[in-house]
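Trainee: Quick one: the structure is below, and I'll ask about it shortly.
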Amino acid sequence: KTSDPTMTGKTQTSNVTNKNDPKSINSRVFIGNLNTAIVKKGDIEAIFAKYGKIVGCSVHKGYAFVQYMSERHARAAVAGENARIIAGQPL
């Protein structure tokens with residue numbers, strides 16, 4: 001049994017959120033007005049994981065995308081997190 005020292009027991013989500021599969025587009029959430037100087041990928045995953053299984057998360061300057069397994073999870077995340085204040089900025 002081998003282990004990767006970079007893995008901390010958590011399953012790593014992919015950085016891929018831009019699949020061109022039409023079904024995956026509806027299960028992707030855009031997170032805008034994000035203070036990415038403070039908020040990191042792990043923080044975003046921790047906030048959004050309660051809505052469903054995250055299969056991908058990509059963070060860019062000022063915004064991020066979260067890719068869920070299903071559209072239902074993505075809709076729940078949008079409903080639950082829209083306008084939430086994170087690091088002093090409303091999403």
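Trainee: Which of the residues belonging to the stretch 71-83 are open to solvent by 30 Å² or more (accessible area, probe 1.4 Å) and at negative phi?
Mentor: Residues satisfying the conditions are GLU71, ARG72, HIS73, ARG75, ALA76, VAL78, ALA79, GLY80, ASN82.
Trainee: Next question. Name the pairs: first residue in the stretch 18-43 and within 14 Å of VAL55 (Cα to Cα), second residue among the charged types (D, E, K, R), Cβ to Cβ under 6 Å, at least 6 apart or on different chains?
Mentor: So the pair list comes out as ASN26/GLU71; SER27/GLU71.
Trainee: Among (1) in contact with a strand residue (DSSP E or B) (Cβ under 6 Å, 6 or more places away or on another chain); (2) surrounded by 17 or more Cβ atoms within 10 Å (Cβ to Cβ), where does ILE86 come up short?
Mentor: Condition not satisfied by ILE86: (1).
Trainee: In addition: So in the stretch 21-39, with the set limited to residues that are crowded, with 18+ Cβ neighbours inside 10 Å and of a type in the set (S, T, N, Q), which one is nearest to the chain's Cα centre (by Cα)?
Mentor: SER27
Trainee: Can you pull out the residues in the stretch 40-54 that are within 15 Å of ASN15 (Cβ to Cβ) and surrounded by fewer than 19 Cβ atoms within 10 Å (Cβ to Cβ)?
Mentor: Matches in the stretch 40-54: LYS40, LYS41, GLY42, GLU45.
Trainee: Would you point out the residue of the stretch 55-69, among those that are over 10 Å from the mean Cα position of the chain (by Cα) and at pLDDT 95 or above, that is least open to solvent (accessible area, probe 1.4 Å)?
Mentor: The residue in question is GLY62.
The values are calculated or read from the model by the stated rules, or taken from the named source; none is laboratory data. Remember, it's a predicted structure, so these values are computed and weren't measured experimentally. Quick reminder, even Gly has a Cβ in these numbers, built from the backbone with ideal geometry, and neighbours come from all protein chains shown. Accessible surface areas use protein heavy atoms only, side chains included; no ligands, DNA or RNA. Shrake-Rupley method; radii C 1.70, N 1.55, O 1.52, S 1.80 Å.
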